[in-house]
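The values are calculated or read from the model by the stated rules, or taken from the named source; none is laboratory data. What you see is a predicted model, and the numbers here were worked out from it, not measured in a lab. Using ideal geometry, Cβ is built from the backbone for each residue, glycine included, and neighbour counts are taken over all protein chains shown. Just so you know, the surface numbers come from the protein's heavy atoms only, side chains and all, with ligands and any DNA or RNA stripped out. Shrake-Rupley method; radii C 1.70, N 1.55, O 1.52, S 1.80 Å.
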Amino acid sequence: MTTATRTDPLSYLGRQLDDLKARGTYFKLRVLEDEQAPVCHFDGREVINLASNNYLGLTTHPKLREAALAATKKYGVGSGAVRTIAGTMSLHMELEEKIAKFKGTEACVVFQSGFTANAGTVSGILGKEDFIISDELNHASIIDGARLSRAKILVFRHKDMAHAEEQLASVKDQPGHKLLITDGVFSMDGDIGPLPALCDLAEEYGAIMMVDDAHASGVLGRNGRGTVDHFKVHGRVDVQVGTLSKAIGALGGYVCGTRDLIEFLYHRGRPFLFSTSHPPSVAATCIAAFDVLQDEPELIDRLWENTNYWKKELGGLGFNIGGQNTPASETPITPIIVGDGRLTMEFSRELFKEGVLGTGIAFPTVPEGKARIRTIMTATHTRAQLDQALETLKKVGKRLGIVT
């Protein structure tokens, strides 16, 4: 019996990669060779890092390092099981209790990532008879969770409260639960969600109010408590999602709310049910991070000093940093809007050659025609590093015709 030569059934993926190369938006992963720091080495080159979510520099904070090492020595390197079988360690419970107290809620559950926290919660608490009213620029994890829930999805124009109300009104007499959901800080433009107005709408129409505070955790509010604290809407947001992977410096996501919500997610949050729990070193690191937020508020002050300086100087160079047909940034995320995807990726590559890491972001992460370099400030950047990065951006931007 002869066997015919088998053709590759995945060859279509190669053709799609060729299309990305033709568009100029194909990329290769850059490899970090040392600490996640303001100046570090990627692919053998020393660069000023403008691409990290390490807002407060906690990835290398001495107290977090010590906590990770001590937990590893005491508990080992892994938990050995999912939370519901044998993988709930005392450290996991301590972390959840600490976060709930920090956020001023009854309870908290920690997920393996911010993505799974969003996707697992939305898909867990809603079903096909329910409705989700979602900002058009919400994070992909919210979108995927909405799809997995099989609920009916109504999208409103970005931060357009009249349109959000129109969507809510269109289903107010329909049976089923309604979930109104927004990012606290939108990750591509750096603008803040209109939480007070959304809370008003949720209360008027009897909807569940949910916010994803991934980029607000450790950045906005007292000691980094997020947008609920920033806007002082305590008790008006039913589901608060945050991350342990950005300002907190480690890995994971969490959901805060009522005890019933958290107990329900223990039973029905699929990523929680079917993923091994955090290694003890990670849980201990996160506990230490929340202690640092309480004890060292000056880190957040320095983050905002750098952010304000960066926005002023970058805008003064003539770059489009938002507000021109895109939302204006209000946070340490400051996009440099280029528009064309090919030019954006060339800009990113040339910056890297000159010693600045500024990652190019193009379609489908952002809409066609709105490609950008997304820059992010941290508390640990020095003024000299920022000035050097600004000089490099100016030089390369002029060379490519992005600024005059």
Discussion item. Kindly evaluate T331 against the criterion of being of a type in the set (V, I, T), within 21 Å of the chain's Cα centre (by Cα), modelled with pLDDT of 95 or more and under 19 Å from L244 (Cβ atoms).
Written reply: yes
Discussion item. Tell me the residue from I262, I248, I287, I321 that is assigned to a loop (DSSP other than H, G, I, E, B), open to solvent by less than 50 Å² (accessible area, probe 1.4 Å) and within 25 Å of N118 (Cα to Cα), please.
Written reply: I248
Worksheet item: Can you find a residue in the stretch 162-169 that is touching a helix residue (DSSP H, G or I) at 6+ places or on another chain (Cβ under 9 Å), surrounded by 24 or more Cβ atoms within 10 Å (Cβ to Cβ) and within 15 Å of V255 (Cβ to Cβ)?
Response: no
Worksheet item: Taking the stretch 290-316 as the region of interest, how many residues are in a loop (DSSP other than H, G, I, E, B) and open to solvent by less than 50 Å² (accessible area, probe 1.4 Å)?
Response: 1
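Inside the stretch 57-74, can you point out the residues that are buried (at least 17 other Cβ atoms within 10 Å of the Cβ) and either out of contact with any Ser or Thr (no Cβ under 7 Å at 6 or more places or on another chain) or of a type in the set (F, W, Y) (or both)?
Passing the criteria: L58, T59, H61.
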Worksheet entry | Scan of the stretch 164-191 for residues that are within 30 Å of K370 (Cα to Cα) and of a type in the set (A, V, I, L, M), ordered by number | A164, L168, L179, L180, I181, V185, M188
Practice prompt. Taking only the stretch 164-192 into account, find how many residues are among the polar types (S, T, N, Q) and touching a Leu at 6+ places or on another chain (Cβ under 8 Å).
Written response: 3
Worksheet item: Just a yes or no: is a residue in the stretch 209-219 open to solvent by 20 Å² or more (accessible area, probe 1.4 Å), among the hydrophobic types (A, V, I, L, M, F, W, C) and in contact (Cβ under 8 Å) with a residue 24 or more places away in the chain?
Response: no
Response to the item:
Of the candidates V155, V211, V122, the one satisfying the condition of being within 23 Å of F290 (Cα to Cα) and either not in a loop (DSSP other than H, G, I, E, B) or not aromatic (F, W, Y) (or both) is V211
Worksheet item: Does at least one position in the stretch 324-339 carry a residue that is surrounded by 24 or more Cβ atoms within 10 Å (Cβ to Cβ) and over 28 Å from T227 (Cβ atoms)?
Response: yes
Fill in: Test: residue in the stretch 373-390 that is in a loop (DSSP other than H, G, I, E, B), of a type in the set (A, V, I, L, M) and either farther than 19 Å from D191 by Cβ or open to solvent by 10 Å² or more (accessible area, probe 1.4 Å) (or both)
yes
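In the stretch 1-46, how many are assigned to a helix (DSSP H, G or I) and open to solvent by 60 Å² or more (accessible area, probe 1.4 Å)?
Residues flagged as assigned to a helix (DSSP H, G or I) and open to solvent by 60 Å² or more (accessible area, probe 1.4 Å) within the stretch 1-46 amount to 11.
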Worksheet item: What do you reckon, is I337 closer than 18 Å to L137 by Cβ and modelled with pLDDT of 95 or more?
Response: yes
